[in-house]
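Student: Provided herewith is a single structure, encoded as structure tokens, for subsequent inquiry.
The values are calculated or read from the model by the stated rules, or taken from the named source; none is laboratory data. What you see is a predicted model, and the numbers here were worked out from it, not measured in a lab. All Cβ positions, glycine included, derive from the backbone under ideal geometry; neighbour counts span all protein chains shown. Quick note on the areas: whole protein, heavy atoms, side chains included, nothing else; ligands and nucleic acids left out. Shrake-Rupley method; radii C 1.70, N 1.55, O 1.52, S 1.80 Å.
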Amino acid sequence: MENEAALASTRARETALACVRAGIDAARPDRVVADSVRLDGDRLHVADATYDLSGVDRIVAVGGGKAADGVADALETVLGDRIAAGAVVTPDPSEREDHRIERLRGHHPVPSEEGVEGTDRIHELVADADERTLVLAIVTGGGSALLPAPAEGITLSDLQTTTDALLDAGAEIGALNAVRKHLSTLKGGGLAELAAPATVVGLMFSDVVGNDLSVIASGPTAPDESTYADALDALERYGVDPPEAVRERLEAGAAGDLPETPRADDPVFDRVTNHVLADGFTAIDAAREVAADRGYDPCVLSSSVRGEAREAALTHVAVAEEVEATGNPLEAPAVVLSGGEATVTVRGDGVGGPNAEFALAAAIELPDGATLACVDTDGKDGSSDFAGALVDADTVDDAREARAALGNSDAYGYLGERGVVISTGATGTNVNDLRVLVVE
């Protein structure tokens, strides 16, 4: 953390930051892959599965997301020159030129032309795969935007406009991805379809509640049960009027004029297996160990918190109040942990940021003795340049001003002036939000 020394002014603050640091470190690709992937002669072990490489002529590693660069590094360490070729699209690609897996730049949360070019390169590498090819598919959070691959009749501008509108409307990830899957060629099982009949092994870092394989990076290697009609419903539900080409494609698909994304019984998945190597609980579990080591009674409230950030924050405040008042659900000193993915409906001129809104909404109500750290584990909260914030009962000295900042979606403006913003830079991983509530 770039500003940790300034933030860690009390024991509770220091503990909250230590838990956050441990959570992010536990989800770093080098640690996760080292624990999950190993090579033993011609046998490749991934989690609990084993793959016989004696019948494999080529290993190709492709994919994308915020953790993709680190996963690619770790795979090169494990497999070395057994990797024939590969490419990953990531926001901060390594600049080294001696990689066996190419590193290509893309952008998040709104797709870019560079992302389209990177996805084209993945198409080239996978299109010639056959029965004796092993495709290692690196699927990590952020891949939906980083691997755009617009479908026929859809432009990059169409994707950008639609994505922006859904994000500003506070669309939850399932609804957002239902739209993106039906506007792109690699999402919704598209990568598995392109790679067939190769053996495909998905290496997944989950940033979605419940680890739904079809939602992580819009499920490029997973069956998809969403439909064109679902995509239209998502646009209507969030009041988004998309570009004409988007609506025309979705309506044509809903009318049966375009093929749906592949379902679970599609033969393209006959030789596909997916492994979730890290998720939100990876970070929560590491934070829990730190809290216990420091003498706090830890409790996992939930790894699946979702909904409007400012509303979910009040539940956490209520838990802090209950711990102090009655000793339920645990006695203080305590650390209450949660993960998941809160959302923000942008209402004003600010940059939003669900962790900032969560922190500020909580800070208005937090009781004395309670401290709350909220971060996005990728180091970038919404469209801001910050990971989140660290607040306590002393953060807000004027509730009216704080509520006005929330009303303008300008939590970072308010929190930044008070020096409680957490800045990490890109962390190289992404397993969603992590919240640490310390009750002394």
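Student: Is one or more of the residues making up the stretch 275-292 open to solvent by 40 Å² or more (accessible area, probe 1.4 Å) and under 18 Å from K187 (Cα atoms)?
Tutor: yes
Student: Listed residues D30, D35, D69; which is open to solvent by 20 Å² or more (accessible area, probe 1.4 Å), touching a strand residue (DSSP E or B) at 6+ places or on another chain (Cβ under 6 Å) and part of a helix (DSSP H, G or I)?
Tutor: Numbers: D30 fails: touching a strand residue (DSSP E or B) at 6+ places or on another chain (Cβ under 6 Å); D35 fails: touching a strand residue (DSSP E or B) at 6+ places or on another chain (Cβ under 6 Å).
Selected residue: D69, the only one of D30, D35, D69 that is open to solvent by 20 Å² or more (accessible area, probe 1.4 Å), touching a strand residue (DSSP E or B) at 6+ places or on another chain (Cβ under 6 Å) and part of a helix (DSSP H, G or I).
Student: Which of the numbered conditions does L159 fail, given that it passes all the others? Conditions: (1) under 23 Å from M204 (Cα atoms); (2) crowded, with 24+ Cβ neighbours inside 10 Å; (3) touching a Ser or Thr at 6+ places or on another chain (Cβ under 8 Å); (4) not small (G, A, S).
Tutor: The failed condition is (1).
Student: Right, another one. If you check A254 against the conditions, is it more than 30 Å from R38 (Cβ to Cβ) and open to solvent by 40 Å² or more (accessible area, probe 1.4 Å)? Please lay out each step first, then the result.
Tutor: Values: more than 30 Å from R38 (Cβ to Cβ): yes; open to solvent by 40 Å² or more (accessible area, probe 1.4 Å): yes.
When the stated conditions are applied, A254 passes them.
Student: May I pose another question? I'd like the residue in the stretch 72-86 that is open to solvent by less than 20 Å² (accessible area, probe 1.4 Å) and part of a helix (DSSP H, G or I) and, out of all such residues, is nearest to L191 (Cα to Cα).
Tutor: Selected residue: A72.
Student: Tell me which residues, restricted to the stretch 397-415, are in a helix (DSSP H, G or I) and touching a residue at least 12 places away in the same chain (Cβ under 8 Å). Give the steps one after another, and end with the answer.
Tutor: Going through the stretch 397-415, the residues in a helix (DSSP H, G or I) turn out to be 399-407, 411-415.
Those that are in a helix (DSSP H, G or I) and touching a residue at least 12 places away in the same chain (Cβ under 8 Å): A399, E401, A402, R403, A405, L406, G407, A411, Y412, G413, Y414, L415.
Student: Here are some residues: G353, G307. Which one is at pLDDT below 95 and touching a Phe, Trp or Tyr at 6+ places or on another chain (Cβ under 9 Å)? Outline the logic, then answer.
Tutor: Values: G307 fails: touching a Phe, Trp or Tyr at 6+ places or on another chain (Cβ under 9 Å).
None of the other options fit; the residue is G353.
Student: Could you tell me which residue of the stretch 38-60 is least open to solvent (accessible area, probe 1.4 Å), considering only residues that are assigned to a helix (DSSP H, G or I) and in contact (Cβ under 8 Å) with a residue 60 or more places away in the chain? Don't jump to the end; show me each part of the working.
Tutor: Residues of the stretch 38-60 that are assigned to a helix (DSSP H, G or I), as a first pass: 53-55.
Now narrow it down to the ones that are in contact (Cβ under 8 Å) with a residue 60 or more places away in the chain: 53, 55.
Working: L53: 6, G55: 32 Å².
Only one residue fits best here, namely L53.
Student: While we're on this one: Out of curiosity, is E95 acidic (D, E), in contact (Cβ under 8 Å) with a residue 12 or more places away in the chain and either surrounded by fewer than 21 Cβ atoms within 10 Å (Cβ to Cβ) or in contact with a strand residue (DSSP E or B) (Cβ under 9 Å, 6 or more places away or on another chain) (or both)?
Tutor: Working: acidic (D, E): yes; in contact (Cβ under 8 Å) with a residue 12 or more places away in the chain: no; either surrounded by fewer than 21 Cβ atoms within 10 Å (Cβ to Cβ) or in contact with a strand residue (DSSP E or B) (Cβ under 9 Å, 6 or more places away or on another chain) (or both): yes.
Considered against the rule, which asks whether it is acidic (D, E), in contact (Cβ under 8 Å) with a residue 12 or more places away in the chain and either surrounded by fewer than 21 Cβ atoms within 10 Å (Cβ to Cβ) or in contact with a strand residue (DSSP E or B) (Cβ under 9 Å, 6 or more places away or on another chain) (or both), E95 comes out as no.
Student: Looking at V346, V438, can you tell me which residue is open to solvent by less than 20 Å² (accessible area, probe 1.4 Å) and either outside any loop (DSSP other than H, G, I, E, B) or at pLDDT below 95 (or both)? Write out each step before concluding.
Tutor: On the way: V346 fails: open to solvent by less than 20 Å² (accessible area, probe 1.4 Å).
Every option except V438 fails the conditions.
Student: Additional query: Condition first: touching a residue at least 12 places away in the same chain (Cβ under 8 Å), over 16 Å from T343 (Cα atoms) and open to solvent by 40 Å² or more (accessible area, probe 1.4 Å). Now tell me which residues in the stretch 303-332 satisfy that.
Tutor: E321, E324, P329, E331, A332
Student: For the subset of the stretch 293-302 comprising residues that are more than 25 Å from P354 (Cα to Cα) and open to solvent by 20 Å² or more (accessible area, probe 1.4 Å), which member is farthest from the chain's Cα centre (by Cα)?
Tutor: We begin by selecting, within the stretch 293-302, every residue more than 25 Å from P354 (Cα to Cα); these are 293-297.
Those still in the list that are open to solvent by 20 Å² or more (accessible area, probe 1.4 Å) too: 293-295, 297.
Numbers: D293: 28, R294: 29, G295: 31, D297: 28 Å.
Once the filter is applied, the top-ranked residue is G295.
Student: Is it fair to say V116 is modelled with pLDDT under 95 and either open to solvent by less than 50 Å² (accessible area, probe 1.4 Å) or in a strand (DSSP E or B) (or both)? Walk me through it before giving the result.
Tutor: Numbers: modelled with pLDDT under 95: no; either open to solvent by less than 50 Å² (accessible area, probe 1.4 Å) or in a strand (DSSP E or B) (or both): yes.
No: the conditions fail for V116.
Student: Would you mention how many residues in the stretch 384-412 are open to solvent by less than 60 Å² (accessible area, probe 1.4 Å) and under 17 Å from A6 (Cβ atoms)?
Tutor: 8
Student: Restricting attention to the stretch 176-229, and to residues there that are among the polar types (S, T, N, Q) and within 28 Å of D241 (Cα to Cα), which single residue is most open to solvent (accessible area, probe 1.4 Å)?
Tutor: Of the residues in the stretch 176-229, the ones among the polar types (S, T, N, Q) are 177, 184-185, 199, 206, 211, 214, 218, 221, 226-227.
With within 28 Å of D241 (Cα to Cα) added as a condition, the list becomes 177, 184-185, 214, 218, 226-227.
Details: N177: 2, S184: 12, T185: 60, S214: 20, S218: 0, S226: 19, T227: 36 Å².
By that ranking, first place goes to T185.
Student: Hey, among E244, E172, E248, E236, which residue is of a type in the set (D, E, K, R), closer than 30 Å to D30 by Cα and surrounded by fewer than 24 Cβ atoms within 10 Å (Cβ to Cβ)? Even if it seems obvious, please write down each step before you answer.
Tutor: On the way: E244 fails: closer than 30 Å to D30 by Cα; E248 fails: closer than 30 Å to D30 by Cα; E236 fails: closer than 30 Å to D30 by Cα.
Criteria check complete, one pass: E172.
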